[in-house]
């Protein structure tokens, strides 16, 4: 039996199945929190040590719940952006075990899409 050679640019089955390392665990929450300035955002830390950040205009909210958000099953991060009368807002949740670097990337992208009016 003859096996055709692998074309350049294509991986062999072994290469395609090679294991990868993935970042696991919550990491450092300052990667997320350091993106907010006191000029544009308000930070409140409550009695459970949960952190809440909202924009000065009230249209953006980020909650960090290190022990899980009350009333949910393991929700560690909650991001919400308020919509308008014509366009609905949205929210995103991440578990307590989601790496802070992943949440920080999502927050950075959301902040990049905002503009002053």
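Points to keep in mind about this one:
- Boolean, residue 94 is modelled with pLDDT of 95 or more, touching a helix residue (DSSP H, G or I) at 6+ places or on another chain (Cβ under 7 Å) and surrounded by 11 or more Cβ atoms within 10 Å (Cβ to Cβ): yes
- Of the residues making up segment 66-81, those that are under 12 Å from residue 98 (Cα atoms) and under 13 Å from the mean Cα position of the chain (by Cα) are 75, 76, 77, 78.
- Restricting attention to segment 61-89, the residues that are out of contact with any helix residue (DSSP H, G or I) (no Cβ under 9 Å at 6 or more places or on another chain), assigned to a strand (DSSP E or B) and under 19 Å from residue 36 (Cβ atoms) total 4.
- Residue match in segment 1-8 (condition: modelled with pLDDT under 95 and within 21 Å of the chain's Cα centre (by Cα)): no
- Residue that is nearest to residue 81 (Cα to Cα), among those in segment 14-35 that are outside any helix (DSSP H, G or I) and touching a residue at least 24 places away in the same chain (Cβ under 8 Å): 35
- Residue within segment 72-89 that is in contact with a strand residue (DSSP E or B) (Cβ under 9 Å, 6 or more places away or on another chain), under 22 Å from residue 24 (Cβ atoms) and in contact (Cβ under 8 Å) with a residue 60 or more places away in the chain present: no
- When the residues of segment 15-45 are filtered to those that are in contact with a strand residue (DSSP E or B) (Cβ under 7 Å, 6 or more places away or on another chain) and exposed (fewer than 12 other Cβ atoms within 10 Å of the Cβ), the one that is farthest from residue 76 (Cα to Cα) is 44.
- In a residue-by-residue description of segment 52-61, the property of being within 16 Å of residue 26 (Cα to Cα) and exposed (fewer than 15 other Cβ atoms within 10 Å of the Cβ) applies to no position.
- Evaluating residue 106 against the criteria (1) in contact with a strand residue (DSSP E or B) (Cβ under 9 Å, 6 or more places away or on another chain); (2) in a helix (DSSP H, G or I); (3) in contact (Cβ under 8 Å) with a residue 60 or more places away in the chain leaves one unmet condition, (3).
- Yes/no for residue 41 being under 18 Å from the mean Cα position of the chain (by Cα) and closer than 29 Å to residue 117 by Cβ: yes
The values are calculated or read from the model by the stated rules, or taken from the named source; none is laboratory data. Everything numeric here is computed off the predicted structure, so don't read it as measured data. Glycine also receives a Cβ, built like all others from the backbone with ideal geometry; neighbour counts cover every protein chain displayed.
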